[in-house]
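What follows is a single structure, written as structure tokens, with notes after it.
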Amino acid sequence: MKKKSKNTIIGLFVALALIFGGGEILNSTTDTKVTYNETSGQTIQNENVEKEESTQTVNNSEDNLKVHFIDVGQGDSIFIELPNDEVMLIDAGESSEEEKVYNYITNLGYNNIDYVVGTHPHTDHIGGLEYIINNINVENIYMPKAVSTSKTFESLLNTITNKNLKVKVAKANVNIISSDNLNVFIIAPNSESYSNLNNYSAVIKINYYNNSFLFLGDDEVLSEEEITSDVGADVIKVGHHGSDSSSSLEFLNKVKPKYAIISVGANNQYNHPYDSIISRYEIIGAQVYRTDLNGTIVATSDGTNINITKEK
């Protein structure tokens with residue numbers, strides 16, 4: 001494999017400084033354009049960037065929380081219709097799935113996404129995000145401070161910069177939405193650096209009245225062990241496509257989910273999900289759904305009850 005040049009790696013760090021603005025943006029509501037001064041090496045923030053007008057008119061009826069686990073093969077993509085009429089996209093699968101994700105969102109009637117989360121820089125999670133950002137207006141984007149030298153990641157950074165977006169750091173203790181009955185917040189990663197890129201994965205929890213949802217990327221046992229927040233949830237998006245690198249029994253006994261959703265490709269080369277992990281969820285009483293067997297899965301909550309529907 002051809003190694004990346006030193007200049008390429010340096011360029012990536014410059015790009016990261018550009019999109020993160022040289023610092024962490026936590027719970028920020030200010031729209032900021034960031035430029036990089038190559039002479040001084042300083043990041044300059046220009047406030048009050050004009051935002052693109054949205055023509056979105058969709059209203060999530062009956063104040064339901066609706067979570068769409070989109071079947072993108074061996075990857076992750078979750079589209080969430082929040083009960084406050086905002087929407088969130090967590091990952092967008094490989095680039096080969098970008099149009100499917102785009103069509104799914106727009107067929108629901110949305111041309112604006114309030115919150116986008118790229119859980120970590122692996123292509124099966126962020127591959128379709130460039131297309132989404134180029135074709136749908138995005139208000140806020142969250143990503144962990146993790147670097148990949150893949151062309152997919154480099155291209156995504158360029159797109160974010162070209163769209164005048166500023167990335168907000170995805171890490172533990174970041175609140176995205178905080179209200180009396182709806183809370184959306186990030187509970188991992190909890191450390192500044194990891195040897196394995198999977199452990200940088202953002203973990204998101206949503207509480208809506210009496211129901212809770214937990215969304216894991218490819219977090220492995222190390223990241224699970226570091227989480228200090230309450231992880232109890234009715235629905236869990238299973239970590240790392242059902243690999244045995246995640247979903248420790250200790251962690252699952254804390255979550256105690258009623259429903260476990262595995263986003264995974266049919267006949268994938270990794271043999272995901274592992275039988276031992278499926279059994280582990282079944283032992284703790286969770287009903288398991290899989291995108292390779294069930295297609296796109298939708299979980300709808302009214303704050304008390306959760307209804308699961310599947311494509312097949």
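Of the cross-linked pairs 100/145; 100/312; 166/258; 151/205, which ones have a Cα-Cα span greater than 25 Å in the structure shown? Could you put the intermediate results ahead of the total?
Numbers: 100/145 28 Å; 100/312 17 Å; 166/258 36 Å; 151/205 30 Å.
Flagged as over cut-off: 100/145; 166/258; 151/205.
Rg/Rh, computed from the Cα trace of the range 244-288 with Rh as the Kirkwood radius, has the value 0.97. Please give me, ordered by residue number, the chymotrypsin sites (Phe, Trp or Tyr not before Pro) of the range 146-255 that lie in loop per DSSP and have at most 16 other Cβ atoms within 10 Å. Here the sparse-neighbourhood loop sites are 209. Taking the alpha-carbon centroid of each part, what is the distance from the range 266-295 to the range 119-182 in angstrom? Using only Cα atoms, the two centres lie 27 Å from each other. The relative contact order of the range 178-236 comes to 33 percent, based on Cα pairs under 8 Å that sit 6 or more residues apart. From the square roots a ≥ b ≥ c of the eigenvalues of the alpha-carbon gyration tensor of the range 177-229, which class results: rounded (a/c under 1.5), prolate (a/b over b/c), or oblate? Verdict is prolate for the range 177-229.
Just so you know, all these numbers are worked out from the coordinates, no wet-lab data involved. These figures come from a predicted structure and were not determined experimentally. Cβ: placed from backbone, ideal geometry, glycine included. Neighbour counts: every protein chain shown.
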